[in-house]
1. Pull up the stretch 391-412, narrow it to residues that are in contact (Cβ under 8 Å) with a residue 40 or more places away in the chain, part of a loop (DSSP other than H, G, I, E, B) and farther than 21 Å from residue 458 by Cβ, then point me to the one that is farthest from the chain's Cα centre (by Cα).
2. Of the conditions (1) under 21 Å from the mean Cα position of the chain (by Cα); (2) buried (at least 17 other Cβ atoms within 10 Å of the Cβ); (3) part of a loop (DSSP other than H, G, I, E, B), residue 150 clears all except one; give me its number.
3. Considering each of 482, 472 in turn, give the residue that is outside any loop (DSSP other than H, G, I, E, B) and surrounded by 15 or more Cβ atoms within 10 Å (Cβ to Cβ).
4. Of everything in the stretch 168-211 that's among the β-branched types (Val, Ile, Thr) and in a helix (DSSP H, G or I), which residue is nearest to residue 351 (Cα to Cα)?
5. With the stretch 1-113 as the region, which strands (runs of 3 or more DSSP E) entirely inside it contain at least 1 residues that are in contact with a Gly (Cβ under 7 Å, 6 or more places away or on another chain) and within 11 Å of ligand 1 (Cβ to nearest atom)?
6. Which one of these is more than 16 Å from ligand 1 (Cβ to nearest atom), β-branched (Val, Ile, Thr) and either in a helix (DSSP H, G or I) or at positive phi (or both): 296, 252, 289, 321?
7. Test residue 382 against the stated conditions and say whether it is small (Gly, Ala, Ser), more than 30 Å from residue 415 (Cα to Cα) and either touching a Lys or Arg at 6+ places or on another chain (Cβ under 9 Å) or in contact (Cβ under 8 Å) with a residue 60 or more places away in the chain (or both).
Amino acid sequence: QNTIQTVDAVVIGAGFGGIYAVHKLANEQGLTVVGFDKAGGPGGTWYWNRYPGALSDTESHVYRFSFDRDLLQDGTWKHSYVTQPEILEYLEGVVDRFDLRRHFRFGTEVKSAVYLENEGLWEVTTGGGAVYGATYVINAVGLLSAINFPNLPGLDKFEGETIHTAAWPQGKSLAGRRVGVIGTGSTGQQVITALAPEVDHLTVFVRTPQYSVPVGKRPATAEAIADIKADYDNIWAQVKRSAVAFGFEESTVPAMSVSEEERRRVYEKAWEYGGGFRFMFETFSDIATDEEANETAASFIRNKISQIIEDPETARKLTPTGLFARRPLCDDGYFQVFNRPNVEAVAIKENPIREVTAKGVVTEDGVLHELDVIVFATGFDAVDGNYRRMEIVGRNGLNINDHWDGQPTSYLGISTANFPNWFMVLGPNGPFTNLPPSIETQVEWISDTIDHAQKTGLRAIEPTPGAEAEWTELCTRIANMTVFTKVESWIFGANIPGKKPSVLFYLGGLGNYRGVLAEVAANGYCGFELTPATAVAA
Ligand code: FAD
Ligand code: NA7
């Protein structure tokens, strides 16, 4: 093992969260900080997800940091949504602007973090065997980052290529190839739409068809960008007091309080404008909480799908049934691509994949779908996935996997009992929103807390088990008030075979969440146990 190097803080991850955490702690608070990412550079999600069509579904002007006015004024964008290369370039630019590269070790995976009670230090070990001692650990390891790669029978016999969308090789083109895509979530829809015109043949394996509305991607004029920049103070203030933080006011009008005609008008307008979160939250106030209201939105979308897809049998395979209750999706012409002669939909719930062979995918009906490439758009082991892939050991030898045996829990989505001075950005039961403003909220709260600990001479800060249990219960109670709990999706960990579905988000909205965080700090960090340095000396 290499010698121990001692620092104030270790930050794991170099996406939005890790970048901002390193900036706060090193540049603003003057702490010694080392950041790690197994990726070869900064960007996190936007470093890894280089698949064709990768696009934010948050509008460009609020899919960025808000903490620095000059950074905001210098920023720009080409369309109402930002593409993966643009976001990556933006994040690389932030890292350079704030001179953060010198703190990061890229291409370096953190394998373990073990709390040494006697020293009051975390021992952090990298894949290369380097060992660091750190007073604080900030995990910004991403909530949609640990890849879900299903092990299909016979996959090892496939003679073609397999690619997961979140590990897409830089610049890889599939033009002219026979491609199969497994997965029709947000990512699947984007990659399918982008690949359809360039590949020879596209076979889409659809397990659960999803509701989706147009994204509404349009060019951003210089005038519109200037107007936004002039109004940024108000825009961010609104984002941070809103629920979903997407930059629009959520509706306060229940769907059934208006006439059918009015509802249709509202949905039609939202469909024309575009945006998944707008469609679910800007139209009516109760689509996410009331089944009858939900059905009005769902049937509107189903009707649109039947109008777009020309072949009725294909339309049937692509039309969702039941509640509109997953993370709301939007697309840039996804349903339209199924009218192309080179695109075919295979419904694998009614006709499951039997096996993969050397030449392609065989379905239960005996058909061999011959393929050169299989693209896995199969998503992520969301939220706690990356934590469980490390060896994380807190007080009394407690492993995070044992602590989270029933379900992953936290206090405030930020910390967990028996893991002192150990913080999470977007940990379990954090806010479910447009994420950069929630990430900023958490990083600011964590760095303020570390500052408080430094100034008041705390050896350790960690939540009490009681506070953690109460937070978990609150998140469960709020989730149960919504329709989201009534369908299976990654929001509840239901997409991973063997993973116990549980509540993984605080669905109370960013405005309320910020209120809770402020109150906890103002009340002497209620729910936390604070151990003074003197306690040990005594
Ligand atoms: P990430 O960007 O995921 O970064 C985490 C980093 O930690 C990764 O680079 C990973 O390599 C690293 N890491 C993890 N474990 C280790 C380890 N043990 N050692 C070293 N490094 C490690 N959110 C929105 O709000 N709006 C959107 O439009 C949107 N679109 C998305 C589209 C896609 C395709 C995906 C996958 C996600 C999208 N998201 C979106 C969610 C997105 O993940 C967040 O917005 C945001 O980028 C998360 O930043 P982060 O820093 O928390 O994590
Ligand atoms: P998602 O939303 O989890 O979608 C994954 C898709 O892959 C979905 O259609 C799954 O079907 C399908 N899937 C997963 N495993 C399998 C197997 N074993 N066989 C067949 N099909 C499978 O991930 P995304 O990457 O699209 O999006 C995640 C978030 O990242 C998104 O909300 C954005 O915020 C970015 P299922 O629906 O489970 O039947």
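The values are calculated or read from the model by the stated rules, or taken from the named source; none is laboratory data. Values in this document were obtained by computation on a predicted structure and should not be read as measured data. Neighbour counts are summed over all protein chains in view; Cβ atoms, including those assigned to glycine, are modelled from backbone coordinates with ideal geometry.
1. Taking the candidates together, the pick is 406.
2. Residue 150 satisfies all of (1) under 21 Å from the mean Cα position of the chain (by Cα); (2) buried (at least 17 other Cβ atoms within 10 Å of the Cβ); (3) part of a loop (DSSP other than H, G, I, E, B) except (2).
3. 472 is the lone residue from the list that is outside any loop (DSSP other than H, G, I, E, B) and surrounded by 15 or more Cβ atoms within 10 Å (Cβ to Cβ).
4. Residue satisfying both the conditions and the ranking: 192.
5. 4-12, 33-37, 55-59, 104-106
6. The match here is 296.
7. no
Residue-wise test of (1) farther than 17 Å from residue 29 by Cβ; (2) within 12 Å of the chain's Cα centre (by Cα).
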| site | (1), (2) |
| --- | --- |
| 420 | yes, no |
| 428 | yes, yes |
| 433 | yes, yes |
| 444 | no, no |
| 447 | no, no |
